[in-house]
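Novice: Can you keep this structure in mind? I'll have questions shortly.
The values are calculated or read from the model by the stated rules, or taken from the named source; none is laboratory data. Being a predicted model, the structure only gives us computed values, none of them experimental. Cβ placement follows ideal geometry from the backbone for every residue including glycine, while neighbour counts extend to all protein chains displayed. Calculation scope for accessible area: heavy atoms of the full protein, side chains included, ligands and nucleic acids excluded. Shrake-Rupley method; radii C 1.70, N 1.55, O 1.52, S 1.80 Å.
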Amino acid sequence: MSELLSSAEIDTLMQLFREDSAGESEVGASLPERVRPVDLLKPNRFGRDELDAFERFLTGAAAGIGSSLSEKLRLDLFCDCVSVEQLRFSDWQAQGAGMSALYALQIGDDDSALLSVDGELVHGLVDRLLGGRGVVDPTIDGLTEACLTAADVVIETTVERLRSSLAEILPITMHCDRRLHSHSSARIVGRNDVVLSLLFAVSSEWFSGNLRFAMPFAAIEPLLTQMQHGGTPDYDAHPGSQQDAVESSLRDVRLDLRAVLDRLDLRVEDLLDLEVGDVLPLDRRVGSRISVEVAGRSKFSGDLGNQGSRRGIRIADCVESEVVRPQEQTTS
């Protein structure tokens with residue numbers, strides 16, 4: 001047998017892997033115990049580290065989705081990122097069997113994504129929007145057009161929140177394009193193409209359900225480098241490039257500032273004997289400089305004086321702090 005398979009041989013092998021009629025149990029029964037069937041079509045476009053990075057990042061996005069829904073519905077509602085995994089698109093479609101609402105999302109100019117919302121969650125959201133507590137009637141087994149139209153308002157809020165979270169690592173546009181009728185008829189990629197499947201669990205006191213996103217690999221690929229570097233848009237910026245932004249953020253921070261006249265060393269016995277009217281002599285003379293401390297460290301020196309009817313300190317000098325570089329540190 002030659003080292004390279006012919007096109008006909010490759011097609012035959014792929015056909016064998018696609019056929020479900022063979023039955024894994026029958027194949028497995030004829031193999032030695034140490035041999036296991038291998039799925040050559042198993043997605044491997046995302047590495048484990050990349051999926052873990054997405055899951056960590058989307059945990060914060062889930063909290064944002066929950067907060068947005070709580071604000072819109074005026075209800076204590078929680079959202080968690082349950083899983084982030086890569087699937088063949090056909091497998092993602094199969095998971096959507098049952099009562100659910102399906103939305104097509106537009107990402108940028110060329111890519112599309114899908115959002116599937118559990119039917120129970122849709123009913124709970126709509127009941128709350130109409131003034132109820134969000135209680136789901138167990139006898140309802142379908143989603144009417146009126147129900148879906150009412151839910152569209154909340155779904156748009158959810159999509160916008162996810163878009164704003166993803167925009168923290170890469171500016172993208174994302175909006176609800178249209179509502180679809182079924183998972184089987186939805187087509188954003190080929191059946192065997194890889195999608196990133198995001199599963200968010202939404203729950204409140206009265207209802208719960210899942211939000212499931214399918215995003216094609218082509219739309220997610222530009223994010224991978226940013227995710228590997230910690231999920232910040234300026235991961236490759238030069239040191240000090242964020243100095244202005246940090247200084248601006250710190251301007252409103254309040255710090256403890258105190259003017260120190262002098263310090264004394266007293267024995268505990270002398271301290272316990274102090275009474276009203278006692279005088280503590282200071283070594284500092286009248287007119288000498290006073291230390292001004294910021295957060296417990298000397299930063300300025302000044303002169304004690306008056307400003308109107310109040311005492312004040314006039315700043316005279318700025319005390320330069322000595323910075324010890326790591327390579328300059330010594331050990332005793």
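Novice: How long are the semi-axes of the ellipsoid equivalent to segment 87-223, from square roots of 5 times the Cα gyration tensor eigenvalues, in whole Å, largest first?
Specialist: Result for segment 87-223: semi-axes of 26, 17, 12 Å.
Novice: When the Kirkwood radius is taken over all Cα pairs of segment 245-307, what Stokes-Einstein diffusion coefficient follows at 10 °C and 1.306 mPa s, in µm²/s?
Specialist: Rounded to a whole number, D works out at 106 µm²/s.
Novice: Rg/Rh for segment 105-175 to two decimals, with Rh computed the Kirkwood way over all alpha-carbon pairs.
Specialist: 1.07
Novice: Note down the nm distance, to one decimal, between modelled labels 7 Å out along Cα→Cβ at residue 6 and at residue 206.
Specialist: 6.8
Novice: Between segment 104-128 and segment 250-291, what is the C-alpha centre distance in whole Å?
Specialist: 66
Novice: Taking a probe of 1.4 Å, how large is the accessible area per residue of segment 119-217, in Å²?
Specialist: 48
Novice: What accessible area, in Å² to the nearest ten, does a 1.4 Å probe give for residue 221?
Specialist: Approximately 100 Å² of residue 221 is accessible to the 1.4 Å probe.
Novice: Right, here's the next one. Are there trypsin sites (Lys or Arg not before Pro) in segment 130-213 that DSSP puts in a loop and that have at most 16 other Cβ atoms within 10 Å, and which ones?
Specialist: Here the trypsin sites (Lys or Arg not before Pro) that fit, given the DSSP loop and packing criteria, are 133, 187, 191.
Novice: Taking a temperature of 25 °C and a viscosity of 0.890 mPa s, what whole-number D in µm²/s does Stokes-Einstein yield for segment 48-140 with Rh from Kirkwood over alpha carbon pairs?
Specialist: 159
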